[in-house]
Every structure is written in structure tokens, then in C-alpha cells.
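Q: Take a look at this one; I'll ask things after.
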Amino acid sequence: VQLQASGGGLVQAGGSLRLSCAASGIIFRRYDMAWYRQAPGKQRELVAHITSGGTTNYADSVKGRFTISRDNAKSTLFLQMSGLKPEDTAVYYCKAISALLDYWGQGTLVTVSS
């Protein structure tokens, strides 16, 4: 199983980024998927979640600014981030979730400058 996250980088406050997470080795459409983030010195936190059926939910801190989506045909998860703030700076991780096993991807660093 491999979850390959990409799309991170350095962006100014107010800017946008789109993260991708390409999955392989799992039947992607059967998994709920999520994005987490971990800022320096802080615990990892849930950013956004999407069920296998497409239902989404978001952390209060990103509601209205971030959009999670998935392309089951391409086994890829996305996170569209806009209105970025310095406090969004973190390593972002994707996660595949099932009743039996969860899988984590490697992180992609997002840095938002003020």
C-alpha cells in the first residue's frame, strides 16, 4: 500500500495550494479518506474527511477555505486550500480509513508566509 502526497510548498498568506494523494495497493473507492496536519510542536490534527460515498466534513479552522474531494477512477484524493493563513503551516498527511486497517501517507510540507 502506498499513499503518495504531493503539492505542498511555500505560499504567501491569502494564496492557494492544491494537495494530491495518489493511492495504490488498495481498493480506493472502498475507503474513507482524510487529510491531517501536524504543525511544529503540535499534535497531528484532522483537517478534512470524505467518506467512500462522498460525504465531507471539516475542522472548524478550515471550513469555507478548504475543500476535500476524491477521484475514484484515478485513486486520488485532493485538498484544495485557499485563503491560506500562517497558522495553516504544517506537514499535511493523507490517510486511508477502513473498518480493518488504516494507512498513512508520507507528508507534504505547506509553509504559509505572512
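The values are calculated or read from the model by the stated rules, or taken from the named source; none is laboratory data. Predicted, not measured: the structure shown is a model, and the values here were computed from it. FYI the Cβ positions are ideal-geometry reconstructions off the backbone, even for glycines, and counts take in every protein chain you see. For accessibility, only protein heavy atoms count, side chains too; no ligands or nucleic acids. Shrake-Rupley method; radii C 1.70, N 1.55, O 1.52, S 1.80 Å.
Q: Considering only residues that are farther than 18 Å from residue 108 by Cα and either in a strand (DSSP E or B) or open to solvent by less than 60 Å² (accessible area, probe 1.4 Å) (or both), which ones fall in the range 46-60?
A: 50, 51, 52, 54, 56, 57, 58, 59
Q: Related question: Counting only residues that are open to solvent by less than 20 Å² (accessible area, probe 1.4 Å), outside any loop (DSSP other than H, G, I, E, B) and closer than 14 Å to residue 28 by Cβ, how many does the range 77-111 have?
A: Adding up the residues that qualify gives 3.
Q: Using beta carbons and a limit of 7 Å, which pairs, at least six apart or on different chains, have the first residue in the range 1-13 and buried (at least 16 other Cβ atoms within 10 Å of the Cβ) and the second one part of a loop (DSSP other than H, G, I, E, B)?
A: Here the result reads 3/105; 5/105; 5/106; 5/107; 11/84, each pair linking the range 1-13 to a residue that is part of a loop (DSSP other than H, G, I, E, B).
Q: Further, regarding this structure: Taking interchain pairs and intrachain pairs at least six residues apart, which have beta carbon atoms under 9 angstrom, with the first residue in the range 32-48 and without any contact (Cβ under 8 Å) to a residue 40 or more places away in the chain and more than 16 Å from residue 6 (Cα to Cα) and the second among the hydrophobic types (A, V, I, L, M, F, W, C) and not in a strand (DSSP E or B)?
A: Hits for this filter: 45/39; 45/59; 46/59; 48/59; 48/62.
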